[in-house]
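Each remark here refers to the structure printed beneath this line.
The values are calculated or read from the model by the stated rules, or taken from the named source; none is laboratory data. Computed from a predicted model, the values in this text were never measured in an experiment. With ideal geometry, Cβ positions are generated from the backbone for all residues, glycine too; neighbour counts draw on all protein chains shown. Side chains included, ligands, DNA and RNA excluded: accessible areas come from the protein's heavy atoms. Shrake-Rupley method; radii C 1.70, N 1.55, O 1.52, S 1.80 Å.
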Amino acid sequence: MRGTSMSETYDVVVAGSGAAGLTAALAAAVSGARTLVIESASEIGGTSALSGGRVWLPANGTPENAGDSDELADRYLDQVFDTRYEAMIRTFVREARVMGAFVEKHSPHRFVVCPNYPDYHQDYPGATRGGRCFDVAPVDLNELVPQARSVRQPPGYSPITHAEWERWRYPAAIDHDLLAARMAQGIRTGGLGLVAALLDGAVRAGATVRTGTALTGVLTGVLAGGGAVTGVRVRTGDGERTIGASSVVLATGAFDAADELRHRLLPAGLGVSASAPSDTGIALTVADELGLPVDNLPEGWWMPMARPEGDLVDGVPYPRGLVRERGVPRQIVVNRQGRRFVDEAVPYNEFGKAMHRLEPGDEAYLIFDEGFRERYPLPGLTPDGPLPGHIVAGEDLATLAGRIGVDPDGLAATVERWNGFCAEGVDHDFRRGGNAYDDYYGDPWQEGNHCLGPIDRAPYYAMRVYSGVIGSKGGPVTDTAGRALTREGSPLPGLYAAGNAAAFWTRDGYPGPGATLAVGMTFGYLAGLDAAR
Ligand SMILES: Cc1cc2nc3c(=O)[nH]c(=O)nc-3n(C[C@H](O)[C@H](O)[C@H](O)COP(=O)(O)OP(=O)(O)OC[C@H]3O[C@@H](n4cnc5c(N)ncnc54)[C@H](O)[C@@H]3O)c2cc1C
């Protein structure tokens, strides 16, 4: 696409207002660049605002992370990510904490270390049992720029901190009055809080953030043979127009909210997408139009999901990730033969991969009993309220199996075997509860193995578990400064990509809680700095 006359001009245009885009905008604006963020949706924040907001920063120098080092983190990540892109791994390890310090210096965001939150692969050398993941300190919307009130809010949102969750865990202990008061006062945590604080920093540093403005193409001139970026084409409610820019950062998120792309490019992830509905893959279109290489298209950040009725984002049904529910006692997940197929408590990315290995057409169900219902949370379920439509009950296991189309004999045998493991305290099939990660999501107040507990109190319940994705990982190939590369391997002058729009080097790996935001923010930061030069 060739540019002609521009209606307005910026040094840096960032497409996408998620964590990657806003960190890029913050870095560019603080560096003195005239910076515009364009966001296609009517609200700010994309999937980042719908997320937990945890950020994984290895070798971060906090006392809770003592003993960690660049070398240890390198060693760990070499087993998780794609070592063909070793330079990206090394850069991430060394720049993630620098990005974190920059964000804290130039925005109201404050990272709160999670000392007990383990990495996802406890069996890999270099894994830690805590101290690499950071939560979001509560932010007060009243103290932020007015646009912070336009940040997306996920369905069922509650402004709880990670430390509070660790303390309270289950519905009976949650201080609902405190959380309601925070909501009313404008105090926010999680991804919403992270995005609001990043937005505040970027706007105060001089960036302009425009919603309802969709990138439709990147304009290039005729410099350097391959062309250099001259601006963007955008679509607003008033039609299409061009905006001039020396640099463009593609931070438009994943592509999996576009059904056609998800079905075509993510064969393993045919299930459901929890990306913001506006994450529809414009970065792939731009790469295609400019003839740029893309990589890692079939991979995603995998997550098993529930589909509670009535949860909507942008008017579209929105699933809920199942992270904590799979670690507690009194539940298992079975396939249609009534058989378990994985340690239910594994990190969600690994659970997702186990779901991909199910036979085509097979289905998965979380099976639990009345004891689970009384104590543990599940989306849409209360101990004594009406049963939501996505959960089925049966007075006995055979009835339940019949209602969900699961083999009753298989289910009966599996539950009997499971209850035997619970009596013994060891899951001989999958070793559930046998490592620090599993244990973290177990019930800490239960004696013995925190993840095991029998399914023996009627009535029994089942909830369908869907294979899902919280973001695709394929996009334009970049270098360690976030610069988009041409087929010849040289940077296309002025073009950058960050976040899920460009997360090609992460392969199928997920090292620990907060890694997706950390990768996006780190390379967004580096792209923003470079773009402003
Ligand atoms: C429920 C849930 C919880 C999660 N929790 C965590 C967590 O705690 N920690 C973690 O690390 N990860 C978490 N994730 C994953 C994480 O949220 C994503 O990987 C991350 O937000 C991606 O950030 P991004 O900036 O690349 O994209 P996004 O945040 O999705 O931002 C992309 C933005 O680009 C906009 N856009 C798209 N197309 C255009 C266009 N044509 N023009 C202009 N704008 C456009 C979109 O509207 C969107 O606002 C979670 C995900 C989910 C669903």
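Structure data summary
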| item | result |
| --- | --- |
| Size of charge dipole - the chain - debye, nearest 20, with Cβ of Lys, Arg +1 and Asp, Glu -1, no other charges | 1280 |
| Highest to lowest packing among 376-388, 285-297, scored as the average C-beta count within 10 Å | 285-297, 376-388 |
| Positive-end residue of PHE341, PRO379, PRO360, charge dipole of the range 326-469 with Cβ unit charges | PRO360 |
| Calculated P(r) of the chain - Cα pairs past 36 Å, % | 31 |
| For the range 1-61, projected area of the alpha-carbon convex hull averaged over all directions, nm² | 6.7 |
| Value of [θ]222 nm, deg cm²/dmol, for the chain, DSSP H segments ≥ 4, -39500 (n - 2.57) each, nearest 500 | -9000 deg cm²/dmol |
| Solvent accessible area, Å² - HIS263, 1.4 Å probe, full protein context | 100 |
| Cα long-axis angle, helix 408-424 against the chain (0 to 90 degrees, to the nearest 10) | 90 |
| ALA184 paired with TYR124, simple spin-label distance in nm, labels 7 Å along Cα-to-beta-carbon | 4.6 |
| Probe 1.4 Å, all protein chains present, accessible-area order of ASP259, ASP443, largest first | ASP259, ASP443 |
| 0 to 90° range, to nearest 10: angle between helix 515-531 axis and the chain longest Cα axis | 0 |
| FRET efficiency estimate (nearest 0.05) - Cβ-Cβ, GLU289 to ARG324, R0 45 angstrom | 0.60 |
| Mean Cα-pair separation over length for the chain, i.e. relative contact order, pairs under 8 Å, 6 or more apart, % | 24 |
| FRET E, pair THR399, ASN116, Förster distance 56 Å, beta-carbon r, rounded to 0.05 | 0.90 |
| By average C-beta atoms within 10 angstrom, highest first, the peptides 482-491, 92-101 | 92-101, 482-491 |
| Rounded Å value of the spacing that divides the Cα centres of the range 325-357 and the range 506-530 | 27 |
| The range 248-389 - Rg over Rh from alpha carbon coordinates, Kirkwood radius | 1.03 |
| Theoretical FRET efficiency, 1/(1+(r/R0)^6), r = Cβ-Cβ of ARG457 and ARG235, R0 56 Å, to 0.05 | 0.50 |
| Exposure of CYS114 as accessible area (Å², to 10), given a probe of 1.4 Å and all protein chains | 10 |
| Solution diffusion estimate, µm²/s, Stokes-Einstein, the range 326-469, Kirkwood Rh from C-alpha pairs, 37 °C, viscosity 0.692 mPa s | 217 |
| Alpha-carbon spread of the range 388-496, three principal axes, descending order, Å | 65, 33, 24 |
| Extension gain from VAL316 to GLU104, taking 0.36 nm per residue of separation minus the Cα-Cα distance | 72.9 nm |
| Rounded Å value of the spacing that divides the Cα centres of the range 144-180 and the range 43-67 | 17 |
| Between helix 190-204 and the chain: long-axis angle, C-alpha atoms, 0 to 90°, nearest 10 | 10 |
| Contour minus Cα-Cα distance for LYS353 and ALA163 (0.36 nm per residue) | 65.5 nm |
| Distance in nm between pseudo-label sites at VAL426 and VAL392 (7 Å out along the Cβ direction from Cα) | 3.5 |
| Residues whose placed amide H lies under 5 Å from that of THR9, excluding near-sequence neighbours | GLY244 |
| Carbon plus sulfur fraction of accessible area for the chain, probe 1.4 Å, in percent | 49 |
| Estimated distance in nm for a label pair at ASP259 and ARG417, the labels positioned 7 Å out from Cα along Cα-to-Cβ | 3.8 |
| DSSP-loop GluC sites (Glu not before Pro) across the range 416-487, with at most 15 other Cβ within 10 angstrom | GLU447 |
| Selection from CYS451, TYR461, ILE404 lying farthest towards where the dipole of the range 326-469 points positive, charges on Cβ | ILE404 |
